[in-house]
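Take a look at the structure set out below.
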Amino acid sequence: MSQKKIMKRFGLTDDERSVIFLFGMLYHRFNFEDFTIPHPKGNYPDAKAKRGGKVLNIEFEAKSYNFVEHGHEVSECNLIICGEHDWKECPIEVLDLSEYVERDEEFGYTLKR
């Protein structure tokens, strides 16, 4: 099963909340010192995080192109964190969490080491 199919099977490309949950488990792996979601519903950007001493505005999306479909302003976001990166010409840094998931016979899927 491909990584994309695994992500879809567990709702990670269909559900922004699953992307947030997975990132919450992994944020130290990506050298983030801290992250906060100030208002969990309806605000843009979704979160702020600190990495390398710099505060970043983060938008979580199931798929990166949803950023465009939601009408977000590129100038107000430093990073898109998604379950599937499908916006090839994206001008913003993208963290595609599907790259960190792999098939596991016992558990269905697991995080890559």
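Tally the residues that are in a loop (DSSP other than H, G, I, E, B), within 16 Å of the chain's Cα centre (by Cα) and not hydroxyl-bearing (Ser, Thr, Tyr), restricting the search to region 44-63.
The total comes to 2.
Given the conditions (1) surrounded by fewer than 15 Cβ atoms within 10 Å (Cβ to Cβ); (2) within 23 Å of Val74 (Cβ to Cβ); (3) modelled with pLDDT of 85 or more, and given that Glu33 satisfies all but one, which numbered condition is not satisfied?
Answer for Glu33: the failing condition is (2).
Given the conditions (1) of a type outside the set (Gly, Ala, Ser); (2) modelled with pLDDT of 85 or more; (3) more than 13 Å from the chain's Cα centre (by Cα), which single one is not true for Leu97?
It is condition (3) that Leu97 fails.
The values are calculated or read from the model by the stated rules, or taken from the named source; none is laboratory data. The model shown is predicted, which means the values in this text are computed figures rather than measured ones. Glycine also receives a Cβ, built like all others from the backbone with ideal geometry; neighbour counts cover every protein chain displayed.
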